[in-house]
1. Over 15 Å apart: what share of the alpha carbon pairs of region 20-79 falls there, rounded to a whole percent?
2. Can you list the chymotrypsin sites (Phe, Trp or Tyr not before Pro) in region 1-57 that are in a DSSP coil and have 10 or fewer other beta carbons within 10 angstrom?
3. Cross-link partners among lysines for K101, C-alpha distance below 21 Å, same-chain residues fewer than 8 apart left out?
4. So what J values fall out for region 46-53 if you push phi through Karplus, 6.51 cos²θ - 1.76 cosθ + 1.60 with θ = phi - 60°, rounded to Hz, Gly and Pro as x?
5. Treating the beta-carbon of each Lys and Arg as +1 and of each Asp and Glu as -1, no other charges, what is the dipole magnitude of the chain about its Cα centre, to the nearest 20 debye?
6. Select from L155, M143, L165 the residue farthest towards the positive end of the dipole of region 118-177; place +1 on Cβ of Lys and Arg, -1 on Cβ of Asp and Glu, and compute about the Cα centre.
7. Normalized C-alpha radius of gyration of region 115-177, against 2.2 N^0.38 Å?
8. Relative contact order for the chain using alpha-carbon pairs under 8 Å, separation at least 6, rounded to a whole percent?
Amino acid sequence: MRKNHLKRLCVAALCLALAAILPRLFHLLPGGLGRILSPIHIPVLLAGLACGWYYGAICGGLAPLISYLISGMPVAAKLPSMIAECLIYGLVSGLLIYLIKTKRKTVNLYISLILAMLIGRVAYALISFYIFGSETSPIIWLMGTFMEKLPGTVLHLVLVPLLYLVLYRTKLIPRKQ
């Protein structure tokens, strides 16, 4: 039992470190790709899936704050929305990977990942809408958020499951979850 706890703690710490560093690296890409691809979400989602809801929520809540303190990203105005979004990503993905039990691990993984991303994105859009205000409705704000981040969503749907399966096969994620 202690060994599994230590593994989860180490993987979560690694994910938190990556969440602090990846945005800085991705923002070096031209054309604003760093903002569109949302690199901070990759390790946060992975922490939730690999380490559970507790570590996922902690990683998600701290990642944007640490990234902001290190690099100034995300900008201060978007920090509350990003903290809520990432916290929800880690929490929901961690809860769902344990609650959803189909016969295929890959199906469990994708259902957990997609639902966590949808719920987190809704939280981000609604909080941003109420912070910044707008003449448009929250639904239009929400749709804009989804469309803007579509390339990042595709990247997450490809990369996060691959990383999760690597961790699982190398036994860095406990077999009994």
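1. Value for region 20-79: 49 percent of Cα pairs lie more than 15 Å apart.
2. none
3. Result set, ordered by chain and number: K171, K176.
4. Once rounded to whole Hz, the list reads 5, 4, x, 5, 7, 10, x, 5.
5. So the magnitude is around 1140 debye.
6. L165
7. This ratio for region 115-177 stands at 1.54.
8. Relative CO of the chain lands at 24 percent.
Every number in this text was worked out from the coordinates using simple rules, so none of it is lab data. Given the structure is predicted, the values throughout are model-derived calculations rather than measurements. Reconstructed Cβ throughout: ideal geometry from the backbone, glycine too, with neighbour counts over all protein chains shown.
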